[in-house]
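Enquirer: After the structure tokens below, expect a handful of questions from me.
The values are calculated or read from the model by the stated rules, or taken from the named source; none is laboratory data. Quick caveat, the model's predicted, so the values are computed rather than measured. Counting neighbours? That spans all protein chains shown, and the Cβs are built from the backbone with ideal geometry, glycine included.
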Amino acid sequence: MGLLGSVGPHQDERPRLYHYLSDKFFSLSLPHKPCGTPPPISSFQSDLLLRGSTFRHPNAYQFNFKLKEKKMSQAAIDVPKGGFSFDLCRRNDMLAKKGVQQPSYRKTGTTIVGLIFQDGVILGADTRATEGPIVCDKNCEKIHYMAPNIYCCGAGTAADTEAVTDMVSSQLQLHRYHTGRESRVVTALTLLKKHLFSYQGHVSAALVLGGVDVTGPHLHTIYPHGSTDTLPFATMGSGSLAAMAIFESKYKEGLTRDEGIKLVTEAICSGIFNDLGSGSNVDVCVITKGHKEYLRNHLSPTPRTYVSAKDYTFSKKTEVLLTKIIPLTEKVEVIEAGDAMEE
Amino acid sequence: MTKQHANWSPYDNNGGSCVAIAGANYCVIAADTRMSTGYSILTRDYSKICKLADKAVLASSGFQADVKALQKHLAAKHLIYQHQHNKQMSCPAMAQLLSNTLYYKRFFPYYAFNVLGGKGCVFTYDAVGSYERVGYSSQGSGSTLIIPFLDNQLKSPSPLLLPAVDAVTPLSEAEAIDLVKTVFASATERDIYTGDRLEIVVLNADGTRYEYMELRKD
Amino acid sequence: MESYQSKPGLLCNPEASQRTLYPYVTGTSVVALKYKDGILMAADMGGSYGSTLRYKSVERMKPIGKHSLLGASGEISDFQELLRYLDELILYDNMWDDGNSLGPKEVHNYLTRVMYNRRNKFNPLWNSLVLGGVKKGQKYLGMVSMIGVNFEDNHVATGFGNHLARPILRDEWHENLTFEEGVKLLEKCMRVLLYRDRSAVNKLQISKITEEGVTISQPYSLKTFWGFSAFENPTLGAEGSW
């Protein structure tokens, strides 16, 4: 009886708690609208860094915190806020002060470029993603889809470039449903810079945005703090100088499509070979009026240089210590609830 | 005037990886030839391998200026040794000398990560002179990728075994060279500081042989 | 090594010493390459005081002895100090009067030892040096950094040049460059540096060293192009944004 009695009262509360948490996490993982009020800047970055750990160690402290917040918000309107959550900023600051190591996040050394040619825009990117000195993805995609007529190359923190381009891409889609017209490049530009500026550089995405709309071809660069440039040719990322050296010495106005692709490829190759943060293959995206062509792995200039004739094998064998399975003795005897109560 | 360079550092990391494998009657010492700083390449053709004596070849990565000073110091010591003893230094003697030289600068260390190969032996070091005789070893930026591969393929006997088992690898010379080429091709795939070209020095009964192989240049 | 970087105060206390731990007047990149008959080197003539362009006629390339040419970026006063060392070195070498003279290899090695020795004393010469020369038909081109890192190559560049000029040099350099092709290639590099390095100025010298000796050109300017239509009214490109 005693055993059951203590379990009973909690039973109806638990599902509600979990339900709430899953709602909350859902709104966290899909930030579709930037927060209305600017974040407390000093603590924001640490919040981003430690976000992963909140999922891994949901502890009692968080539970209580969220429950309290729930009661408070019930009094007002119960609409999820959207945008990033800053709940854990204080905790993370406290942990950082105590010397807790923050988890690293994937920051890609990158070469991304873009140029305007006679009938549109060409974007280019390398395909190396690094984590410190280690290559963690040899063939990643850095040219992101924004709209059918707009693409965007991203450098900086991989998660930020992906999140920010996806968010804006979705807003552009909704805008197209609403207006029934093709998206404009300035619209994407404005949404991106607005988002990045509101986070004061803490969303570390450096972008090259290119597209063709009713007003013609456009090429922009967007810096993590939200400043933008309008350029005939642009480069970004750790290989930007190597790529810019090529553009500055070879770019001309009114290039043909083939010349344009060749120059973009050359600029990316310059980044691949001269910048250690960039490497592997060349991705190219050609956007013209009413048409686009995504040339994934347009060039692979760096094949592996040695494949041994010998087949190196890695033995799968593990030491078998015991083949007999001993079942653990059951510690708790479970008694049917109804019968126990009656007796 | 802003003090923008107040955090001057006397060290740099110029990257690169070194490997040495010893067999019963040979030793293969290899290193890539890329020298870099930060995210840029300084030169694609800089040898990290230094032949100190007939039977002692040193491969070092780390801070190039320190490595160069260390090599010059050891070469000078070896010259004096030759004048005094009228013979070449043996590999274990050179190994001890290297250890002492590194420890001498304990509180302003040479930022150099060394492997020393001689016939039938390999010595591996940290930057301040702690060293160990092993059958194979790797040092430098790609060593974290290379060592597990070598461990898997070469399975060195435990140094705790009694009676002591020689740590040399069972591979033939050609197999060892093939293994070295494979580990460098693989390390170049994943380590950004390793690449450009591989320099292999083979010590055996016939003397010293140099081999080269191209690596990825990105 | 970690402890030196994380606590710079331990080893370099700016209050208690007169060491070059940050530069005052600096020169920017030097670019050099081997060509058919010798070495070509280019450097602009700007001397920056922080971000102020303070001096506009600084000569940053000097002949050393009979066979060498030295180019420097970084602290100008340290470079001039180094030139005094080298003058003495060459003078004493000359006084042997034995018909031998220091070649580029020897001078380069001397420079690496001076730079490394000064970094060991935590009193660096704040320069990146390029040394080129020809002796007995052997071309030589090398570089030394502030902390003693040194190497030889077919083409070298200091500072920003390593990021902007070397990609071009790696693409276009070859063994048999003629003098004209070499100068053209250097000018291409200097033009990119002029566009993209804020402390570069459009007044440069090119020097060459061959078996016959050193020739340093008069200062001159490069032609630049700013006529891209997107440059004419930049705001037009993002009309409708803010």
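Enquirer: From the list B:LEU70, B:LEU52, B:LEU74, B:LEU79, pick out the single residue that is away from every other protein chain (no Cβ under 14 Å) and in contact (Cβ under 8 Å) with a residue 40 or more places away in the chain.
Expert: B:LEU52
Enquirer: From (1) over 26 Å from B:ARG106 (Cα atoms); (2) more than 14 Å from chain C (Cβ to nearest Cβ), pick out the condition that doesn't hold for B:THR33.
Expert: Only one criterion is unmet by B:THR33, namely (2).
Enquirer: Here is a follow-up. Given the criteria without any contact (Cβ under 8 Å) to a residue 40 or more places away in the chain and more than 30 Å from B:GLY142 (Cβ to Cβ), does A:TYR145 qualify?
Expert: yes
Listed here are the residues, each with its yes/no results for (1) away from chain C (no Cβ under 12 Å); (2) within 30 Å of A:PRO301 (Cβ to Cβ); (3) basic (Lys, Arg).
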residue	(1), (2), (3)
A:TYR151	yes, yes, no
A:THR187	no, no, no
A:VAL203	yes, no, no
A:ALA206	yes, yes, no
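Enquirer: I need a count of the residues in the stretch B:172-187 that are within 9 Å of chain A (Cβ to nearest Cβ) and either in contact with a His (Cβ under 6 Å, 6 or more places away or on another chain) or not aliphatic (A, V, I, L, M) (or both).
Expert: Matching residues across the stretch B:172-187 total 6.
Enquirer: Can you report the number of residues in the stretch A:230-254 which are more than 8 Å from chain C (Cβ to nearest Cβ) and surrounded by fewer than 21 Cβ atoms within 10 Å (Cβ to Cβ)?
Expert: Matching residues across the stretch A:230-254 total 4.
Enquirer: Does B:TYR210 qualify as being surrounded by 14 or more Cβ atoms within 10 Å (Cβ to Cβ) and either of a type in the set (D, E, K, R) or at pLDDT 95 or above (or both)?
Expert: No.
Enquirer: Residues to consider are C:VAL144, C:VAL130, C:VAL156; find the one that is closer than 29 Å to A:SER249 by Cβ, away from chain B (no Cβ under 12 Å) and touching a strand residue (DSSP E or B) at 6+ places or on another chain (Cβ under 7 Å).
Expert: After applying the criteria, what remains is C:VAL130.
Enquirer: Could I ask something else about it? Here are some residues: A:SER270, A:SER280. Which one is polar (S, T, N, Q), within 27 Å of the chain's Cα centre (by Cα), within 14 Å of chain B (Cβ to nearest Cβ) and crowded, with 24+ Cβ neighbours inside 10 Å?
Expert: A:SER270
Enquirer: Report, by residue number, each residue of the stretch A:138-151 that is touching a Ser or Thr at 6+ places or on another chain (Cβ under 8 Å) and in a strand (DSSP E or B).
Expert: A:HIS144, A:TYR145, A:MET146, A:ALA147, A:ILE150 - these are the residues of the stretch A:138-151 that are touching a Ser or Thr at 6+ places or on another chain (Cβ under 8 Å) and in a strand (DSSP E or B).
Enquirer: Is at least one residue of the stretch A:154-170 crowded, with 22+ Cβ neighbours inside 10 Å, of a type in the set (Val, Ile, Thr), under 18 Å from the mean Cα position of the chain (by Cα) and assigned to a loop (DSSP other than H, G, I, E, B)?
Expert: Looking through the stretch A:154-170, none of the residues is crowded, with 22+ Cβ neighbours inside 10 Å, of a type in the set (Val, Ile, Thr), under 18 Å from the mean Cα position of the chain (by Cα) and assigned to a loop (DSSP other than H, G, I, E, B).
Enquirer: Here's a follow-up. Wholly within the stretch B:1-79, which strands (runs of 3 or more DSSP E) include no fewer than the required count, namely at least 2 residues that are touching a Cys at 6+ places or on another chain (Cβ under 6 Å)?
Expert: In the stretch B:1-79, the matching strands (runs of 3 or more DSSP E) lie at B:56-62.
Enquirer: Follow-up. State all residues of the stretch B:158-180 that are surrounded by fewer than 21 Cβ atoms within 10 Å (Cβ to Cβ), in contact with a strand residue (DSSP E or B) (Cβ under 9 Å, 6 or more places away or on another chain) and not in a loop (DSSP other than H, G, I, E, B); if no residue qualifies, say none.
Expert: Once the filter is applied, which keeps residues that are surrounded by fewer than 21 Cβ atoms within 10 Å (Cβ to Cβ), in contact with a strand residue (DSSP E or B) (Cβ under 9 Å, 6 or more places away or on another chain) and not in a loop (DSSP other than H, G, I, E, B), the stretch B:158-180 yields B:GLU173, B:ILE177.
Enquirer: How about the stretch C:166-180: which of its residues are within 7 Å of another protein chain (Cβ to nearest Cβ) and of a type in the set (A, V, I, L, M)?
Expert: C:ILE168 - this is the single residue of the stretch C:166-180 that is within 7 Å of another protein chain (Cβ to nearest Cβ) and of a type in the set (A, V, I, L, M).
Enquirer: Moving to a separate point now. Every residue in the stretch B:27-38 that is modelled with pLDDT of 95 or more and either surrounded by fewer than 24 Cβ atoms within 10 Å (Cβ to Cβ) or not basic (Lys, Arg) (or both), please.
Expert: B:CYS27, B:VAL28, B:ILE29, B:ALA30, B:ALA31, B:ASP32, B:THR33, B:MET35, B:SER36, B:THR37
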